[in-house]
Amino acid sequence: EKVLALFCGVGMDAMQIAARTEATVIGVELNPVAVACAERGRQLLVRNKAVKCAGAADRLTFIQGDAIEVMKQLEQNSFDRIIAPRPKEGNMDGDLGNGDGGVQFLEYLLPLLKDQGEVHWYDFAADHELPDCERTRNTVQKVCDRL
C-alpha cells in the first residue's frame, strides 16, 4: 500500500503507519522545523524495538513544501490511502472560515487516489454541526461529483 500523509507536522501518523504496516509512506509538511523533527524520528525508527515491520525508515519519506504545490508534482492514481485534514482558513474554524472549505485542496488530492483508494479526511466542525457534519459531507460530495 502507498500512503500520503498531508500536513503531517512532525510525522507521528506517518511514522506509525510505516512502523506498523508494510506501506510506503510520504509525509508532506510546510514547516521546515517540523520536517527536521520528522526526519530525526524517521532515523530513530531504525533502532526502535517497537517497530513491527522491518524497513520502516526506508519506506518513509518526508517532503518539505506547500501541500498543493507538492501534490501537483505527484503521480495521479498512485496512492491507496491519503490522510489529510481540511486546511484551516485564516483564524477561524468550523463553518466560520473565509476560504473555500477545502474545495481546491480536494481537487488536487482526489486525483492522486487509485481506484478504490480511500481518503481519511478530517475537518474542523463547530459544535452545532455535530454529529451530522453536513457542511463537510456536502463539500466532499460536491468535489467528487465534479471530478
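The values are calculated or read from the model by the stated rules, or taken from the named source; none is laboratory data. These numbers come from a predicted model, not from an experiment. Backbone-built Cβ (ideal geometry, glycine too); neighbour counts: all protein chains shown. Ligands, DNA and RNA are excluded from the accessible area calculation, which covers all protein heavy atoms including side chains. Shrake-Rupley method; radii C 1.70, N 1.55, O 1.52, S 1.80 Å.
Output the residue which, of all residues in the range 115-147 that are under 21 Å from PHE79 (Cβ atoms) and hydrophobic (A, V, I, L, M, F, W, C), is modelled with the lowest pLDDT. Filtering the range 115-147 for residues that are under 21 Å from PHE79 (Cβ atoms) and hydrophobic (A, V, I, L, M, F, W, C), the one modelled with the lowest pLDDT comes out as LEU147. Residues in the range 14-38 that are surrounded by fewer than 17 Cβ atoms within 10 Å (Cβ to Cβ) and among the acidic types (Asp, Glu): GLU22 only. The residue list PRO87, PRO111 contains one member that is of a type outside the set (Val, Ile, Thr), open to solvent by less than 70 Å² (accessible area, probe 1.4 Å), at pLDDT 90 or above and under 19 Å from MET71 (Cα atoms), which is PRO111.
Listed by first and then second residue, the pairs with beta-carbon distance under 6 Å, at least 6 apart or on different chains, first residue in the range 39-67 and open to solvent by 30 Å² or more (accessible area, probe 1.4 Å), second at pLDDT 95 or above and in a strand (DSSP E or B), are GLU39/PHE62; ARG42/LEU60; ARG59/THR24; THR61/ILE26; ILE63/VAL28. All conditions in (1) at pLDDT 90 or above; (2) of a type outside the set (Ser, Thr, Tyr); (3) loosely packed, with under 12 Cβ neighbours inside 10 Å hold for ILE82, with the sole exception of (3).
With a requirement of 3 or more residues that are more than 27 Å from GLU134 (Cβ to Cβ) and under 12 Å from the mean Cα position of the chain (by Cα), the strands (runs of 3 or more DSSP E) lying completely within the range 1-118 that satisfy it span 24-29. For the range 5-27, the set of residues classified as touching a strand residue (DSSP E or B) at 6+ places or on another chain (Cβ under 7 Å) and among the acidic types (Asp, Glu) consists of ASP13 only.
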